[in-house]
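None of the figures in this text is laboratory data; all of them are computed from the coordinates on show. In this text the structure is predicted, and so the values were computed from the model without any measurement. Cβ atoms come from the backbone with ideal geometry, glycine included; neighbour counts cover every protein chain shown.
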Amino acid sequence: MTTVPSGHSTIRDASEVPYHQRYRAAEHFRDREHEFDATKMGVWLFLATEILLFSGMFVGYGVLRMLHPEAFIAGSGHLDVHWGLINTVVLLASSYTVAAAVRCAQVDDQAGLRRNVMLTFIGGLVFILIKLIFEYRVKWAEGKLPGIFYSYPGAVSEYEPLWWGLYWGATGIHATHVIVGMALFVWIYLRAKKKHFGPGHYTAVEGVGLYWHIVDIVWIFLFPLLYLIH
Amino acid sequence: MAHNHDNPNGGENGGVDLSEEIYPPGAEYGHGHHGHTVVSPGTLIGVLVVLLLLTGLTVAFAELEAWIAGLFEITIPQWVNAVVALSIASVKTAFVVLYFMQLRYDNPLNSMIFIFTLITVAFFLGFTMIDLGMRGTIDPVKARYIQPGGTGIETRAAKQTGVPTNAPVTEIARQAALARGEYTPKEPEPVIGSTPNLSRPRTGLTLPGFTDDNGGR
């Protein structure tokens with residue numbers, strides 16, 4: 001708080017104080033610490049449901065791969081490991097930047113917070129663009145589509161449409177989560193510009209960051225299971 | 001909180017006391033991060049480096065496995081690649097969860113939530129895989145002959161007794177034993193009050209094409 005030598009406050013009205021210092025926890029919480037802990041636990045419970053959502057896809061993967069391993073080997077051969085690897089690196093880096101963003105909020109580094117949130121958003125964007133341009137568009141054109149829509153002539157196994165259904169389904173749901181995360185980071189960035197976040201109040205950054213890490217973890221598992229079958 | 005309630009109607013700001021706005025009750029000021037651990041930048045960079053190295057290791061192992069299989073012309077079972085890749089992925093997940101998500105420094109309740117979610121997924125995946133993995137073992141038993149052509153029990157029984165080959169194994173065994181003279185059928189004792197036989201052909205549990213009755217359908 002700014003003071004003149006006489007010790008009196010020079011603040012004229014409350015809006016001069018940054019939002020994160022003025023922030024008042026909702027009434028039913030003891031204090032802001034309590035609100036932060038409760039919010040964080042709520043986010044973890046939501047992440048639990050997200051993990052279970054993706055576990056459905058993974059069990060489907062396990063079932064179909066066990067029943068038709070040759071279709072999975074053949075199907076995985078159509079995927080380019082290099083794009084998958086680049087996407088993995090991009091997502092890991094974006095996980096780092098969002099953890100750094102939380103740290104910047106904790107030490108009141110506003111510029112660093114904005115920069116890291118922007119970098120995370122760019123990471124997600126690069127992921128989606130690579131996926132759309134170099135993977136999805138190519139496969140759509142070649143007819144490597146799920147189930148009944150499959151029209152690629154060079155199938156090795158008659159169960160390959162099952163593999164493609166799993167590929168499009170798993171990566172599609174994951175990409176949807178990435179897009180939702182990107183929208184959340186736009187929201188966070190706009191709030192960060194208004195200096196809503198600081199050492200006393202960075203709950204939203206933490207929450208969206210946790211969500212983004214789960215999205216990254218899912219891709220960490222998807223990458224070897226889809227791209228590295230030989 | 002060290003703000004002064006002594007003179008709310010006089011003094012600076014024209015008598016308006018903004019201290020409640022600036023220092024809301026319940027807010028803790030002066031000690032920055034409220035006891036939240038601030039992970040150092042070095043730790044974050046270190047974890048990122050470890051994650052990237054493990055990613056490279058996953059790819060390197062897959063390529064190595066393929067190269068070895070090609071070089072020595074051996075077939076490495078599928079589960080080797082899957083187990084190794086998933087183990088490395090689990091280690092990477094542990095790093096992300098512990099350091100990036102700061103679960104290591106967090107309320108242990110959140111760790112419990114995460115761990116129990118993993119246990120739930122383990123149940124889901126584990127039981128499904130056990131069931132599916134044992135189908136190859138169970139189905140021949142349910143299909144009533146071990147392989148096309150059988151082990152000879154059914155064909156011998158059919159020759160000896162005229163029992164059709166898709167009859168229940170129990171019936172085949174009984175007829176074969178009768179033909180060999182090793183079985184004396186007894187009158188079954190009536191059981192008072194027993195429930196009727198609820199066994200019936202179950203559809204859908206046997207892979208179609210494995211048995212003559214097309215899996216019961």
| Chain lengthening between A:Tyr152 and A:Ala38 when straightened (0.36 nm per residue, less Cα-Cα) | 35.9 nm
| field | Estimated inter-spin distance, A:Glu70 and A:Glu16, nm [label 7 Å along Cα→Cβ] | value | 7.9 nm
| Inter-site label distance for A:Ile179 and A:Phe46 at 7 Å from Cα along Cβ, in nm | 1.9 nm
| query | Fewest to most neighbouring Cβ within 10 Å: what's the order for A:Phe134, A:Phe221, B:Phe100? | reply | A:Phe134, A:Phe221, B:Phe100
| task | Return the distance in nm (one decimal) between the two label points of a simple spin-label model at B:Ala69 and B:Tyr105, each offset 7 Å from Cα along Cα→Cβ. | result | 4.3 nm
| message | Could you compute the net charge surrounding A:Glu135? Neighbours are other residues with a C-beta less than 15 Å from the C-beta of A:Glu135; K and R count +1, D and E count -1. | response | +2
| Among A:170-180, B:124-134, A:194-204, the order from most to least packed when residues are scored by Cβ within 10 Å on average | A:194-204, A:170-180, B:124-134
| said: What is the sum of charges, Lys and Arg at +1 and Asp and Glu at -1, for the other residues whose Cβ falls under 11 Å from the Cβ of B:Pro41? | reply: 0
| message | Just checking the output field for B:77-87: average partner chain Cβ neighbours within 10 Å of each residue's Cβ? | response | 3
